[in-house]
Amino acid sequence: MTGVLVRGGRIVDETGERAGDVRVRDGWVAEVGVALAADGERELDAGGCLVSPGLVDLHAHLREPGHEEAETIETASRAAALGGFTALVAMPNTEPPLDDAAVVRSVLDRGAQALCDVTVAGCLTKGRRGSELGPLGELHGLGVRIFTDDGACVGDGRVMRRALEYASALPGAVVAQHAEDPALAEGGHMHEGEWSSRLGIPGRPGEAESVIVARDLDLVRRTRTRYHVLHLSTAAAVDLVRRAKAEGLPVTAEATPHHFTLTDAECASFDPAFKVHPPLRSQSDVDSIAAGIADGTIDAIATDHAPHAPETKEQPFEDAPPGMLGLETAAAVAITSLVETQAATFEQVAGALSWRPAAIAGLSDHGGPIKAGRPANLCVIDPAAAWQVDIDRLASRSRNTPWLGRKLAGRVRHTIRRGEAVVVDAEAQR
Ligand code: DOR
């Protein structure tokens, strides 16, 4: 059998929506048309489904090297493929961190065997310590385009200014910030507000995010470097990004499914699955994030997939590490929270999950459009399929999902990565 024929779906890409079949041969889209005749290809039914360019995650923690008990490049890539992703950006807070060419090379080499394309973000500073710049030029030479200390904020304005100045000379480079002022967030375990007072859990105030975004945007006004805000979580920071874009600054932003769906009220369960940095915020913040996606202020929906092994995560709330799984549920949560509620259209959600993040990361093989001659990276989603997370069937090595027991709408049915059907009928093929 040669190739794949995706039959009977509605194709959605940056050029709009239309009915059609997609013929895939040797890793490429060979033909797009109506009622194409099969020519020995494996036929994949897409009846009632949306056929989008493969999803692209700007923000996934793969844990390799250093924490393979929580996740590996292979298990994360299987989770990604099941979630419709054909490419992801691996965050650099591994052990050792990705601040060194040899470590970056080894992750890229292992990523070459994975079920989706794996690219990496390099550390902005050595050891993610926030004091001395990492070898940005050398990592850029290996193809790294996104630089960040994610998991840690670059709190020192002087270091951030140097990073922006240096990165502005590297073609395609993006400086990405985990915007939580270290001093303001210090000692906090959830959003600072009514719920943290009631529960007696020390809080991380929303201003920890907005003061860093405001400061960084002032620096970007001077350096004109591409700047990306990771996991936006507050209404105030969405507003800052909206105004910076109106001014013409080269800024982009992402938000996670949990930040446009869940509030700090979830922490009342004391379930560490709901502990994350930045923390789950108030309902008005959640609403502002959703509005920011709908009006395009927020470019990308990113997972911040952060696996933690049960022996570390299942501890009292204040002792547990922050982070939650996201790759296998992102598309469904986005459809459930944004499309079903009519806060956004499927096309807007697909743009935020596919072609807009692909453009930010410079991944020109991903994000479509779906037409002959393009690399065959596709995701087929049944928007009406209702399902729930089955904890025993997660492909991730960890179990720290906040979505247990929730009804989700929208299921990834097939994922095609460079012409290979890696997921068929919601089952990984390898
Ligand atoms: O909650 C989080 N967990 N936020 C981050 O920025 C890092 C991540 C992790 O690596 O576990």
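Are any residues in region 405-430 assigned to a loop (DSSP other than H, G, I, E, B) and either surrounded by 22 or more Cβ atoms within 10 Å (Cβ to Cβ) or polar (S, T, N, Q) (or both), and if so, which ones? Step through it out loud before you land on a result.
Here is the first cut: in region 405-430, the ones assigned to a loop (DSSP other than H, G, I, E, B) are 405-407, 418-419, 425-426, 429-430.
Listed by number, the list holds a single entry, Gln429.
Total residues in region 24-43 satisfying the condition of being outside any loop (DSSP other than H, G, I, E, B), surrounded by 13 or more Cβ atoms within 10 Å (Cβ to Cβ) and without any contact (Cβ under 8 Å) to a residue 60 or more places away in the chain: the figure is 1.
Based on this model, can you work out whether Gly66 counts as part of a loop (DSSP other than H, G, I, E, B), under 30 Å from Asp390 (Cα atoms) and away from the ligand (no atom under 16 Å from the Cβ)? Reasoning before the result, please.
Working: part of a loop (DSSP other than H, G, I, E, B): yes; under 30 Å from Asp390 (Cα atoms): yes; away from the ligand (no atom under 16 Å from the Cβ): no.
For Gly66, the condition - part of a loop (DSSP other than H, G, I, E, B), under 30 Å from Asp390 (Cα atoms) and away from the ligand (no atom under 16 Å from the Cβ) - is not met.
Could you pull out the residue among Leu139, Leu108, Leu170 that is touching a residue at least 24 places away in the same chain (Cβ under 8 Å), part of a loop (DSSP other than H, G, I, E, B) and either closer than 22 Å to Glu64 by Cβ or not basic (Lys, Arg) (or both)? Break it down into steps so the answer makes sense when it comes.
Working: Leu139 fails: part of a loop (DSSP other than H, G, I, E, B); Leu108 fails: part of a loop (DSSP other than H, G, I, E, B).
Of Leu139, Leu108, Leu170, the one residue that is touching a residue at least 24 places away in the same chain (Cβ under 8 Å), part of a loop (DSSP other than H, G, I, E, B) and either closer than 22 Å to Glu64 by Cβ or not basic (Lys, Arg) (or both) is Leu170.
Which one of the conditions (1) over 26 Å from Thr75 (Cβ atoms); (2) part of a strand (DSSP E or B); (3) in contact with a Lys or Arg (Cβ under 6 Å, 6 or more places away or on another chain) does Asp382 fail to meet, given that it meets all the rest? Failing condition for Asp382: (1).
Screening Ala81, Ala46, Ala76, Ala90 for residues that are crowded, with 24+ Cβ neighbours inside 10 Å, closer than 22 Å to Glu420 by Cα, within 16 Å of the ligand (Cβ to nearest atom) and in contact (Cβ under 8 Å) with a residue 40 or more places away in the chain leaves exactly one candidate, Ala76. Could you list, in sequence order, all residues of region 296-344 that are more than 14 Å from the ligand (Cβ to nearest atom), open to solvent by 30 Å² or more (accessible area, probe 1.4 Å), out of contact with any helix residue (DSSP H, G or I) (no Cβ under 8 Å at 6 or more places or on another chain) and not in a loop (DSSP other than H, G, I, E, B)? Pro310, Glu311, Thr336 - these are the residues of region 296-344 that are more than 14 Å from the ligand (Cβ to nearest atom), open to solvent by 30 Å² or more (accessible area, probe 1.4 Å), out of contact with any helix residue (DSSP H, G or I) (no Cβ under 8 Å at 6 or more places or on another chain) and not in a loop (DSSP other than H, G, I, E, B).
When we screen Asp57, Asp21 for residues that are in a strand (DSSP E or B), of a type outside the set (Val, Ile, Thr) and touching a helix residue (DSSP H, G or I) at 6+ places or on another chain (Cβ under 9 Å), the only hit is Asp57. Of all residue pairs spaced 6 or more apart or on separate chains, those with beta-carbon atoms under 8 Å, a first member in region 237-253 that is touching a residue at least 40 places away in the same chain (Cβ under 8 Å) and a second member that is aromatic (Phe, Trp, Tyr) and open to solvent by less than 10 Å² (accessible area, probe 1.4 Å) are Thr252/Tyr227. Starting from residues that are more than 14 Å from Leu55 (Cβ to Cβ) and touching an Asp or Glu at 6+ places or on another chain (Cβ under 9 Å), keep the ones in region 349-379 and report whichever is least open to solvent (accessible area, probe 1.4 Å). Looking at the filtered set, the residue picked out is Ala376.
Among the residues making up region 203-237, a single one is open to solvent by 40 Å² or more (accessible area, probe 1.4 Å) and either within 16 Å of the ligand (Cβ to nearest atom) or under 21 Å from the mean Cα position of the chain (by Cα) (or both): Arg226.
Looking only at residues of region 238-261 that are in a loop (DSSP other than H, G, I, E, B) and either buried (at least 23 other Cβ atoms within 10 Å of the Cβ) or of a type in the set (Asp, Glu) (or both), we find that the one that is nearest to the ligand (Cβ to nearest atom) is Thr256. Looking at region 101-115, is at least one residue under 30 Å from Gly16 (Cβ atoms) and either open to solvent by less than 10 Å² (accessible area, probe 1.4 Å) or in contact with a His (Cβ under 8 Å, 6 or more places away or on another chain) (or both)? Yes, that holds for at least one residue. List pairs: first residue in region 195-206 and under 13 Å from Ala265 (Cβ atoms), second residue in a strand (DSSP E or B) and open to solvent by 10 Å² or more (accessible area, probe 1.4 Å) anywhere in the structure, Cβ distance under 6 angstrom, at least six positions apart or on different chains. From region 195-206, the pairs are Ser196/Gly203.
The values are calculated or read from the model by the stated rules, or taken from the named source; none is laboratory data. Keep in mind that this is a model prediction, so the values were computed, not measured. Quick reminder, even Gly has a Cβ in these numbers, built from the backbone with ideal geometry, and neighbours come from all protein chains shown. Just the protein is used for accessible areas: all its heavy atoms, side chains included, with ligands, DNA and RNA removed. Shrake-Rupley method; radii C 1.70, N 1.55, O 1.52, S 1.80 Å.
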